[in-house]
Amino acid sequence: MTPTILVVEDEPAIQELVTINLKHAGFLVVRAGSAEEGESAIRAALPDLVILDWMLPGQSGVALAKKIRAAERTRELPIIMLTARVHEEDKVQGLEAGADDYVTKPFSPKELVARVRAVLRRRAPHLAGEAVEVGDLTLNPATHRVLAGGIPVELGPTEFRLLFFFMTHAERVYTRAQLLDEVWGDHVFIEERTVDVHIRRLRAALEASGHHERVETVRGTGYRFRGA
């Protein structure tokens, strides 16, 4: 469940600085030196967040941000602009293009990592690495433990990821295809019915505590996790 960050930056020294600090903070990093390389990386496997320079060779970072926001597959993808353009009108333009945050160069690597975590908490809470609670059901991604009323619940890795996603997206209905994209990754090609198998395993693991009833089947659509 380690988040993957795509760094689109054409200056090798800055790309290396950002990469080292993100890896030290526990993230996986994919690098791109241009908007075109960034697009290719996104097509290959959807990252969890993009750090995007404005001034890139060829297509600009702002243009790429607009493309990301315009496509259904990527419109929810968090973006942080990292740029030397410091004027207020530049920041406004970057945010209006779809950036979630705007960091100017020179920058503090520690602050950048903090901003990455903050954006993930807002946009993708299941990737922020913080413990979540629903009733007396607690899941801690750092320790990979689940407790129901203080009693440990044993889950396989896929069921753990599935429960974490459900708990951080309670009350929303997801189709099997959406769950595959969110939990398995949109670059993994497996049958949608695989979701049903893991739902059954998750319910079985939660049955002793009664929390299996939170995993609801929405007929003709998919599944929902009841938070109340």
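Overview of values
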quantity	calculated
Carbon and sulfur %, accessible surface of the chain computed with the full protein complex present, 1.4 Å	51 percent
Helical contribution to [θ] at 222 nm, DSSP H n ≥ 4, -39,500 (n - 2.57), averaged over the chain, rounded to 500	-11500 deg cm²/dmol
DSSP-defined beta bridges in the chain - what % are antiparallel, rounded to 5	50 percent
Gain upon complete extension [Val197, Ala84; 0.36 nm per residue less C-alpha separation]	35.8 nm
Cα-based Rg and Dmax for the chain, where Dmax is the largest Cα-Cα distance (Å)	19.1, 58
Rounded to whole Å, sorted largest first: equivalent-ellipsoid semi-axes of segment 28-153, Cα gyration tensor	32, 16, 13
Relative frequency of Cα-Cα separations exceeding 22 Å in segment 151-228, percent	15 percent
The chain: Lys pairs at Cα distance under 21 angstrom, eight or more positions apart or on different chains	6
By accessible area with a 1.4 Å probe, ligands and nucleic acids excluded, highest first: order of Lys105, Lys67	Lys67, Lys105
For segment 82-164, diffusion coefficient by Stokes-Einstein and Kirkwood Rh (Cα), 20 °C, 1.002 mPa s, µm²/s	140 µm²/s
Surface accessible to a 1.4 Å probe, per residue, for the residues of segment 72-203, Å²	53 Å²
Separation of alpha-carbon centers, segment 155-228 and segment 50-129, rounded to whole Å	30 Å
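The values are calculated or read from the model by the stated rules, or taken from the named source; none is laboratory data. Model, not experiment: these values are computed from the prediction. The protein model used for the area step is the full one, side chains on, heavy atoms only, and it has no ligands, DNA or RNA in it. Shrake-Rupley method; radii C 1.70, N 1.55, O 1.52, S 1.80 Å.
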